[in-house]
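Derivation of every value follows stated rules applied to the coordinates shown; laboratory data play no part. Worth saying up front: this structure is predicted, and the values here are computed from it rather than measured. Glycine also receives a Cβ, built like all others from the backbone with ideal geometry; neighbour counts cover every protein chain displayed.
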Amino acid sequence: MTAEIRLFTCLTDNFGILIHDPATKATAAIDAPEAGPIIEALERNGWKLTDILLTHHHADHVGGVAELKQKYNCRVVGPHDKSAAIANVDVRVGQGDIVKVGTLLGRVLETPGHTLDHVSYVFDDEKVVFAADTLFSIGCGRVFEGTYPMMWDSLLKLRALPDDFRLYCGHEYTASNVKFALTIEPNNPVLKARAEDVARLRAEGKPTVPTLMGEEKKANVFLRADDPAVAAGVHMKGASGVDVFAELRERKNKS
Ligand code: ZN
Ligand code: FE
């Protein structure tokens, strides 16, 4: 039976995400920015929280863990502590580990760079990836703790996923990302089409997530730093993917 997924806003621009297994009624939250909206979403659907899958230690991703664990006695899965400790974690996971949510199988990808502990969860049968603050739609996370080569490697791991996988990320940053990407590739037709979709969705008050990996591979400049068209966009013809990526990330930081 296919998973049911719900996405909603937490805090200001974080996404709360629930993945539910109809076969066993198991339900996992991907990160826990704050408890309130997650509890509301669970109650709206008549679901009970069985698991929390954490991606990294930042407060806007773990802030609701203590309250949710107290309320539901759920299992908390998270990465190994690297730069900072995450409290209340029951099971620590790393590259290649499998996490079960009822009968749903999540595969752990280590995707460091934004933080050293950042992991993403891939549900192959459901064709979804939860990439939190590593890969955003038309953007990527800031490189706070890792290095540019480390973050570029993480993006390449995500880029290896099939085109028909849906990308769920940690924040509603797409409009800002599109604006920046158009300064690099003003004539990319897929990006221009995405810009129109994003403007419409935001005007309607709707989220711009999930998107398809196939679309991201065509329109996300950060995922395409080794594409000659993107290198040309930052006047770095012939430069390596990682060098172009670093330049893009620094320009976005200043934009
Ligand atoms: Zn973060
Ligand atoms: Fe975040």
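Tabulated values for the structure
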read-out	value
Check on S137, more than 13 Å from ligand 2 (Cβ to nearest atom), surrounded by 24 or more Cβ atoms within 10 Å (Cβ to Cβ) and more than 15 Å from L248 (Cβ to Cβ)	yes
Considering residues of the range 36-83 that are within 15 Å of ligand 1 (Cβ to nearest atom) and more than 20 Å from C169 (Cα to Cα) only, the residue surrounded by the most Cβ atoms within 10 Å (Cβ to Cβ)	K82
Helices (runs of 4 or more DSSP H) contained in the range 185-235 and holding at least 3 residues under 18 Å from E172 (Cβ atoms) and of a type in the set (A, V, I, L, M, F, W, C)	189-203
Pairs, first without any contact (Cβ under 8 Å) to a residue 60 or more places away in the chain and surrounded by 14 or more Cβ atoms within 10 Å (Cβ to Cβ) in the range 93-110, second among the polar types (S, T, N, Q) and not in a loop (DSSP other than H, G, I, E, B), C-beta under 9 Å, six or more apart	V108/S120; L109/S120; L109/S154; E110/S120; E110/S154
Within the range 216-240, tally of residues that are within 24 Å of A132 (Cβ to Cβ) and surrounded by 19 or more Cβ atoms within 10 Å (Cβ to Cβ)	9
Condition met for I52 (aliphatic (A, V, I, L, M) and assigned to a strand (DSSP E or B))	yes
Matching residues in the range 4-32 - criterion: being of a type in the set (K, R) and not in a strand (DSSP E or B)	K25
